[in-house]
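The values are calculated or read from the model by the stated rules, or taken from the named source; none is laboratory data. All values derive from a computational prediction rather than experimental measurement. Cβ coordinates were reconstructed from backbone atoms using ideal geometry, including for glycine residues, and neighbour counts include every protein chain displayed. The protein model used for the area step is the full one, side chains on, heavy atoms only, and it has no ligands, DNA or RNA in it. Shrake-Rupley method; radii C 1.70, N 1.55, O 1.52, S 1.80 Å.
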Amino acid sequence: MNRRVFIVMAMLGWGVMAFGVLGLFHNSARTHPGEWVKWFLGGALVHDAVLAPVVFGVALLLGRVPRPWKASLQGGLVAAAVVTLTVYPFLRGYGRRSDNLSVLPNDYSSGLIRTLAVIAVVTAGFAAGAWWRGRKSGEVAGAAAASLVGDRRDEGL
Amino acid sequence: MRRRPMVRMARGVTRLFDPPAGARIGPLKEGFFKSRLHDERLSAQLGIALGVTFTICFVTGLLSHLIQYPPAWFTWPPRPAGLYRLSQGVHVATGIASIPLLLAKLWVVYPHFWTWPPVRNVLHLIERISLLPLVGGSIFLLFSGLANIGLWYPWRFFFPAGHYSGAWITIGALIVHIGAKATLTRRVLARDRGRSEAPGDGLSRRGFLGVVGGTAGLLTLLTVGQTFRPLNRLAILAPRRPDVGPQGFPVNKSAASAKITDDHVGPSYRLLVTGAVTTALALSLDDLRALPQHEATLPIACVEGWSAEASWRGVRVAELLQRAGAAPDADVTVESLQASGLYKASALNALQARDPDTLLALEINGETLHIDHGYPVRLIGPNRPGVMQTKWVEKLVVS
């Protein structure tokens, strides 16, 4: 850290944050600061206390997947999980209303299934590619490489 | 005597910077996190990407705020007609694409949460405290924005006001973070250029970047069609479709939710032009139809990031102002029949009011307006947010 750069940027940044907080209280009839702060900090809490441990749990389980499939499976699961998380509010139809059919007009479960299918196909393609490359380079080369890197298995964490 | 608490506090702070080694357990231990993805270079790359996307969102969001609540120094022009559609489409699309970037960044840097010692000195303490508004704020902005485009409001605050304050606080925290990491980022990116992958059998650094970029691209591809016409058919995950709604056109606020009834829009309906005018006007729907009609092809560009274009037909606002004898530089407030709601009125600055395409529309695509689209009369003008295209217009107040 460059101390001088940090001190200048920290003063500027905290100034900008103070402006945001002032606006929050100045406009409290609309922002409801007490309610707002729960949502503002709640996201970090949910991420650190729920989402991150779940992801680490899944990552640990993936540690046992054999080498040629592992990277592809990890990538596919990341993509699938992020897409599902993003579409989830639409899928549940939280914003739907009987007087306005133009809100959330799509069939999101079908859309999500089709998207996950595409991700699954791409994942399988990458896994097959990795398996094929592994076969071509042969077991001997693979073993040599493994001994070179001390057969360091990625624990996934 | 009075110095004692200070001394005690100073001792406490020192202890904070030099905690007992026995407290270093679990994830606090060196080497607890083994994935090669907890990597400085990856963190720097994702950080730069997020810095760019958050800046884009902040600037476009601030612009949208200024347009809706213009201070004295800000005049939003009516041209180019599609500029707001573009800037707000970019705001929402960039926000959606930031979701995978942010989650990836949080995963990569997660071990730093358990850094040892937890604080090294005062500057490090300030840096770490600033991470709470940065992480909380980033998640808050993306989550609340995503909920808003699906018209989901699980909280009690007014979304635009809460999102706006959150944006300033998050950007402030981002400035602090850039101050803390700029030197390291530059060093890491220069040092590690073309570096080979660390050993391991899981996802590689490049593979992970590919997955994150691919996911951002996929989400964009499957949602951006809500405003970008060529990808309309691919918008299977978008919260809106430009061709779904009454008369094949989306609606944000229905007549029922605005409490507009047939009584409001029956034969007794009159459009009033009042305020700073020489001749106040009160025009029936037939009077309006008898005036010269003009056609304009303009989008409704919603703050929620969708847009749809239609051909509108009606009376020029400029023509009504001229008939009422309003000054050529007068501003106009357009008021709705809607009894309540923050969007029951909108402002037209002098430039917007005089634009030949700013209409009080009676028809959409050759049909009389559906009541959900603002029958009998709605405002439509170029380069305006959808919430300012006031429906069920009752009054033009000249000032």
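The table for this structure:
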| item | result |
| --- | --- |
| Flag if B:Gly22 is farther than 30 Å from A:Leu61 by Cβ and among the small types (Gly, Ala, Ser) | yes |
| Residue in region B:314-323 that is within 13 Å of B:Lys391 (Cα to Cα) and either of a type in the set (Asp, Glu) or open to solvent by less than 50 Å² (accessible area, probe 1.4 Å) (or both) present | no |
| Residue among B:Pro199, B:Pro160, B:Pro133 that alone is closer than 19 Å to B:Ile48 by Cα and either assigned to a helix (DSSP H, G or I) or of a type outside the set (Gly, Ala, Ser) (or both) | B:Pro133 |
| Pick from region A:63-76, criterion open to solvent by less than 60 Å² (accessible area, probe 1.4 Å) and outside any helix (DSSP H, G or I), ranking: nearest to A:Val121 (Cα to Cα) | A:Val65 |
| Only listed residue being among the hydrophobic types (A, V, I, L, M, F, W, C), under 24 Å from B:Val387 (Cβ atoms) and at pLDDT below 95, chosen from B:Val265, B:Val224, B:Val273 | B:Val265 |
| Filter result for the condition that a residue is away from chain A (no Cβ under 13 Å) and either touching a Ser or Thr at 6+ places or on another chain (Cβ under 9 Å) or open to solvent by less than 20 Å² (accessible area, probe 1.4 Å) (or both), over B:Ala147, B:Ala44 | B:Ala44 |
| Hits in region B:358-399 - residues which are in a loop (DSSP other than H, G, I, E, B) and in contact with a Leu (Cβ under 6 Å, 6 or more places away or on another chain) | B:Tyr375, B:Pro376, B:Val377, B:Pro382, B:Asn383, B:Gln389, B:Thr390, B:Trp392 |
| Tally of residues being in contact with a helix residue (DSSP H, G or I) (Cβ under 9 Å, 6 or more places away or on another chain) and either more than 29 Å from B:Leu203 (Cα to Cα) or open to solvent by less than 70 Å² (accessible area, probe 1.4 Å) (or both) across region A:106-122 | 9 |
| Selection status of A:Ala10, farther than 28 Å from B:Leu37 by Cα, part of a helix (DSSP H, G or I) and facing another protein chain (nearest Cβ under 7 Å) | yes |
| Residue in region B:231-248 that is more than 22 Å from A:Val82 (Cα to Cα) and small (Gly, Ala, Ser) present | yes |
| Search result, residues across region B:175-191 that are surrounded by fewer than 16 Cβ atoms within 10 Å (Cβ to Cβ) and over 24 Å from B:Phe58 (Cα atoms) | B:Leu184, B:Arg187, B:Leu189, B:Ala190, B:Arg191 |
| Region B:205-225 - residue that is within 10 Å of another protein chain (Cβ to nearest Cβ) and farther than 17 Å from B:Ser98 by Cβ and, of those, surrounded by the fewest Cβ atoms within 10 Å (Cβ to Cβ) | B:Gly210 |
| Neighbours by Cβ (under 6 Å, 6+ apart or cross-chain): first from region B:115-138, among the charged types (D, E, K, R); second open to solvent by less than 30 Å² (accessible area, probe 1.4 Å) | B:Glu127/B:Ala180 |
| Residue list for region B:150-174, restricted to those being at the interface with chain A (Cβ under 7 Å from one of its Cβ atoms) and of a type in the set (S, T, N, Q) | B:Ser165 |
| Test: residue in region B:236-248 that is in the same structural domain as B:Arg41 (by TED's automatic domain parsing), touching a residue at least 24 places away in the same chain (Cβ under 8 Å), buried (at least 20 other Cβ atoms within 10 Å of the Cβ) and out of contact with any Phe, Trp or Tyr (no Cβ under 9 Å at 6 or more places or on another chain) | no |
| Scope region B:6-41; condition of a type in the set (Gly, Ala, Ser) and surrounded by 14 or more Cβ atoms within 10 Å (Cβ to Cβ); matching residues | B:Ser35 |
| Criterion: open to solvent by 10 Å² or more (accessible area, probe 1.4 Å) and outside the structural domain of B:Leu83 (by TED's automatic domain parsing) - qualifying residue of B:Ser284, B:Ser307 | B:Ser284 |
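Every residue, every condition in (1) assigned to a loop (DSSP other than H, G, I, E, B); (2) modelled with pLDDT of 95 or more; (3) under 16 Å from the mean Cα position of the chain (by Cα); (4) in the same structural domain as B:Glu309 (by TED's automatic domain parsing), yes or no:
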| residue | (1), (2), (3), (4) |
| --- | --- |
| B:Arg11 | no, no, no, no |
| B:Gly31 | yes, no, no, no |
| B:Leu37 | yes, no, no, no |
| B:Ala44 | no, yes, no, no |
| B:Ala49 | no, yes, no, no |
| B:Thr55 | no, yes, yes, no |
| B:Thr75 | yes, yes, no, no |
| B:Arg85 | no, yes, yes, no |
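Table: residues versus (1) facing chain B (nearest Cβ under 8 Å); (2) crowded, with 17+ Cβ neighbours inside 10 Å; (3) among the hydroxyl-bearing types (Ser, Thr, Tyr).
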site: A:Trp39; (1), (2), (3): yes, yes, no
site: A:Ala44; (1), (2), (3): yes, yes, no
site: A:Asp48; (1), (2), (3): yes, no, no
site: A:Pro53; (1), (2), (3): no, no, no
site: A:Leu61; (1), (2), (3): no, no, no
site: A:Leu91; (1), (2), (3): no, yes, no
site: A:Leu104; (1), (2), (3): yes, yes, no
